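The values are calculated or read from the model by the stated rules, or taken from the named source; none is laboratory data. Given the structure is predicted, the values throughout are model-derived calculations rather than measurements. Here Cβ is always computed from backbone atoms with ideal geometry, including for glycine, and neighbour counts include all displayed protein chains. The accessibility values were calculated without ligands, DNA or RNA, using every heavy atom of the protein model including side chains. Shrake-Rupley method; radii C 1.70, N 1.55, O 1.52, S 1.80 Å.
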Amino acid sequence: MNKTSSPYLKALYRGSIKWKPFSVKTLNLAKKLDKIIFIHIGHIANIEARESAYTLFSDPRVVEIINANFIPIAIDLEDVPEAMLIGMDLLVITEQYYSIPINIFSLPEARPFTSFSNITPDEFLNLSYNVIGSFSQKRELLEKAGKYVSNRLSGTGIVQRKEQPCKLSDKLLHAYVKSWISRYIISKRRNRQTPYTINSRYYIFLLKYSHYYKIQENMKWLQEALDKVGFSPMLDPVEGGFFSQARNTTFAEPLYEKQLSENIQAAVLFSFAYKYFGHKRYKEIAEKVIGFIENCLKSPDGGYMTSISLTKGEPYSTYYKYSINEIEKSFPDTYTYIMESLGMDPEHPRDLQQIISNTPQTGKLSPDDIKRLKQIRDTKRRETITDKRVITAYNSLYSTSLCLIAHNLRNPDNEYINRAKEIVSLILNQKKIDKIRLHRYISKEKNEHANADLLDYTFFLNALLNIYKYTKDKEYDAHISKYTAFIMLNHYQAHNGMFSKTSKYEQITPFKRESIIDYIRYSANSVMARNLLILYKLGGDEFFLDAFRQQLYNIAPQIIGTGPLMVGWALQILNYLSNRSDFD
């Protein structure tokens, strides 16, 4: 049995498919046996996608055809982010959309020729029979398809060369925002029946952009949008924390998954809302999210765990919901007040569970009220599953964000800064591969010691820089210098001025992805751009400023029309323009 720290893969491995690890050894085995490779990429935190995959791979017919005809590889996207990026690009090329999970058929030489996302067992069988038939009788067609897809992938998401210097102007940023805002608002109206994510990083940029350029119209609708999501079922009023997705833009039906990375960014968003608007309600929301992270995601061994999800589909789970009878039993004297505070419908059938909401009145509930509401959930605790992996990148992001939040909320006692320092100390003190190289997971378990990649190193360097920026503590000087040098040596590519996802000395995936697209979170390259800018401002070394500018020169020609998928870069252009007097 393959060793893994992924709860998603552990569940797959309990089935009957003979999954192989994603490794050079497995790829060589496919070539030796001349078998088609089947790759599945998924994760635990998406309930509907997870259940769909488990249903597919538990079907006896699917098990039989995979074991007999393919070399099957299962990947958790948190384990191999580079594979996820390639898979996303492949879906866009072959299906014109991207979604999790990702399924890929590849030739024995690791040349993919088709991909798909959710699929039924019958659909999978039909596709598999066609693939097997083509491989045995019309292999040249699959070779042709593989060559076409490989050529497309080799140029997708890649900066080919250093672009010539160009004008990084307000006009460029205004054009980017104008094209994005109009399409973004229209798309929300068109997709009211599709899962919708808050995407806090989009709003963080729009807040900072609109505040810097004093665009009051934008600030007004942004405030309305923040109030809409902040006082909705998307924010859990009992344990805190935002759910990652809702069924549509009304936010009335959350899909009950809470992820560390999404909640970190949500806390940062509402801290900026407090900074710019000054309303206490935004500070309270930010603090409620931080409370969730501290109370529900803190690992007993240190650091913060990755996500909380349901063990069964949302329509069949009662964990986050309450019935009138439950509330009346726990609050016999004040149940109408509690129901009103949770946004419950008094006309709803008394014994049926209903969705609750964060309301302006929720903040007035006493600690004892919250305790009793949690006790109701304790009786249903088996309905949730926690991804207990403590991931270096997300913990580093939390450290950085605590510094920003402390500044935005005017935290006077340095509580958040001290917590940020604790996270950095945990990462520095973990058992490393050598004196500097980090693991992707902060863990005592040997099988969790996967190599860190660019995302982990850039977020960790960003955490070091932000702690130093806000504390001026010289203790961090040596660590900043050491990890800056490590990233430049192992990930910087002189031919295009960008950074490779994995070390340029390592190669498992057939194509390198430089992580310039903000698919799910800020890309590692845009975070590294921010690091280069801070390094220049702290030390005055022109090399870092030149490297930062080169990244923006590479991005500027293609940013207009990309919308939210390049928002991390738009944020760095804004950082540059808002500090232009420091560079000219």
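Solvent-accessible area per residue for region 197-299 at a 1.4 Å probe radius, Å²? Write down the numbers at each step before the final one.
Values: 3260 Å² over 103 residues.
On a per-residue basis, 32 Å².
Can you pull the percent of the chain's accessible area that's carbon plus sulfur, 1.4 Å probe, other chains left in place? Heavy-atom surface of the chain belonging to carbon and sulfur, 1.4 Å probe: 51 percent. Taking the DSSP bridge list for the chain and keeping only pairs wholly inside it, about 75 percent are antiparallel. Electrostatic tally near Asn575: other residues with Cβ closer than 11 Å to its Cβ, Lys and Arg +1, Asp and Glu -1, net +3.
Shape analysis of region 315-430 yields a ratio of the Cα radius of gyration to the Kirkwood radius, Rg/Rh, of 1.11. Based on DSSP H segments of at least four residues, each scored -39500 (n - 2.57), the chain has a per-residue ellipticity at 222 nm of -17000 deg cm²/dmol. Pop out the Kirkwood hydrodynamic radius of region 520-581 from its pairwise C-alpha distances, inverse of mean 1/r, in Å to one decimal. In region 520-581 this quantity evaluates to 11.8 Å. Could you work out the percent of alpha carbon pairs in region 1-141 separated by over 25 Å, rounded to a whole number? Of the Cα pairs, 19 percent sit more than 25 Å apart.
Rounded to two decimals, what ratio of Rg to Rh does region 358-481 give with C-alpha atoms and a Kirkwood Rh?
Values: Rg = 18.2 Å, Rh = 16.8 Å.
On the Cα set of region 358-481, Rg over Rh gives 1.08.
Taking all pairs of distinct Cα atoms, average 1/r, flip it, and tell me the Kirkwood hydrodynamic radius of region 267-350 in Å to one decimal place.
Values: mean 1/r = 0.0628 Å⁻¹.
It is 15.9 Å.
Simple rule: put +1 on each Lys or Arg Cβ and -1 on each Asp or Glu Cβ in the chain, find the dipole, and look at Ser169, Tyr212, Ile376; the Cα lying farthest toward the positive end is Ser169.
For region 273-372, relative contact order (Cα pairs under 8 Å, six or more residues apart, normalised by length) works out to 19 percent. Projected label points at Glu140 and Tyr212, each 7 Å from Cα along the beta carbon direction, are separated by 5.6 nanometres. With the alpha-carbon atoms of region 376-424 aligned to their principal axes, the span from lowest to highest coordinate is 39, 26, 16 Å, starting with the largest. If you take the Cα centroid of region 241-286 and the Cα centroid of region 340-419, the two points sit 11 Å apart.
For region 336-433, report the accessible area per residue in Å² (1.4 Å probe, heavy atoms, rounded to an integer). Could the numbers behind the result be given before it?
Numbers: 4770 Å² over 98 residues.
Value for region 336-433: 49 Å² per residue.
Relative to its residue count, region 229-294 spans a Cα convex hull of 78 Å³ per residue. Here the relative contact order of the chain, from alpha carbon pairs under 8 Å that lie six or more residues apart, stands at 15 percent.
Farthest toward the positive end of the dipole of the chain, out of Leu532, Ala494, Ile417, is the Cα of Ala494, where the dipole comes from beta carbon charges about the Cα centre.
Rolled with a 1.4 Å probe across the full set of protein chains, the surface gives Tyr202 an accessible area near 20 Å².
In whole Å, what is the distance between the alpha-carbon centres of region 463-502 and region 4-77? Cα centroid to Cα centroid, the span is 36 Å. Taking a 21 Å limit on the Cα-Cα distance, which of the listed pairs Lys25/Lys388; Lys208/Lys275; Lys171/Lys208 fall beyond it? Pairs exceeding the cut-off: Lys25/Lys388. Translational diffusion of the chain, estimated by Stokes-Einstein from the Kirkwood radius over alpha carbon pairs at 10 °C in a medium of 1.306 mPa s, is 63 µm² per second. Centre-to-centre separation between the Cα atoms of region 126-162 and those of region 84-122: 11 Å. Multiplying each eigenvalue of the alpha-carbon gyration tensor of region 360-401 by 5 and taking the square root yields semi-axes of 29, 19, 7 Å, largest first, rounded to whole angstroms. Per-residue surface analysis assigns Ser58 an accessible area of about 80 Å², computed on protein heavy atoms at 1.4 Å probe radius.
For region 39-127, with every protein chain kept in place, what is the accessible area per residue (1.4 Å probe, Å²)?
Working: 2750 Å² over 89 residues.
Here the per-residue accessible area is 31 Å².
Taking the square root of 5 times each eigenvalue of the Cα gyration tensor, what semi-axes in Å does the equivalent ellipsoid of region 198-259 have, largest first?
Working: eigenvalues 122, 25, 19 Å².
Calculated on Cα positions only, the semi-axes equal 25, 11, 10 Å.
DSSP finds beta bridges in region 1-152, and of those with both partners inside it, around 55 percent are antiparallel.
If you build the Cα gyration tensor of region 201-318 and take the root of 5 times each eigenvalue, what three semi-axes come out, in whole angstrom, biggest first? Each step should come with its number before you reach the end.
On the way: eigenvalues 140, 60, 26 Å².
Sorted largest first and rounded, they come to 26, 17, 11 Å.
The mean of 1/r over all distinct Cα pairs in region 71-129, once inverted, gives the Kirkwood hydrodynamic radius of 12.1 Å.
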